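The values are calculated or read from the model by the stated rules, or taken from the named source; none is laboratory data. It should be emphasised that the depicted structure is a prediction, and the values quoted were computed from it without experimental measurement. Here the Cβ positions follow ideal geometry from the backbone for every residue, glycine too, while neighbour counts run over all protein chains shown.
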Amino acid sequence: MAAEKERKGSPIPERFARQLDLFMDYLKVERNYSPHTLDAYNRDLMKLIEYAASKGREDFSQITSL
């Protein structure tokens, strides 16, 4: 997975992209999740990232509650 992820044409912050890549790799390699499950996680996390970035957050450590 490339760190240059985009959703609706706008790139996500680099730190989010790196963290997402690491987490998705963990789910794939260590947890052996199916491709459909990985797609669902990725889709949901991209929505969260898009929202958090719109609120000025640059990585997951800056999210304290929803």
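In summary, ARG31 fulfils each of the numbered conditions (1) part of a loop (DSSP other than H, G, I, E, B); (2) at pLDDT 95 or above; (3) surrounded by 15 or more Cβ atoms within 10 Å (Cβ to Cβ); (4) not aliphatic (A, V, I, L, M) with the single exception of condition (3). Whenever a residue of the stretch 18-30 is touching a residue at least 40 places away in the same chain (Cβ under 8 Å), its partners that are assigned to a helix (DSSP H, G or I) and not basic (Lys, Arg), lying with C-beta atoms within less than 7 angstrom and at least six residues away or across chains, give the pairs GLN19/PHE60.
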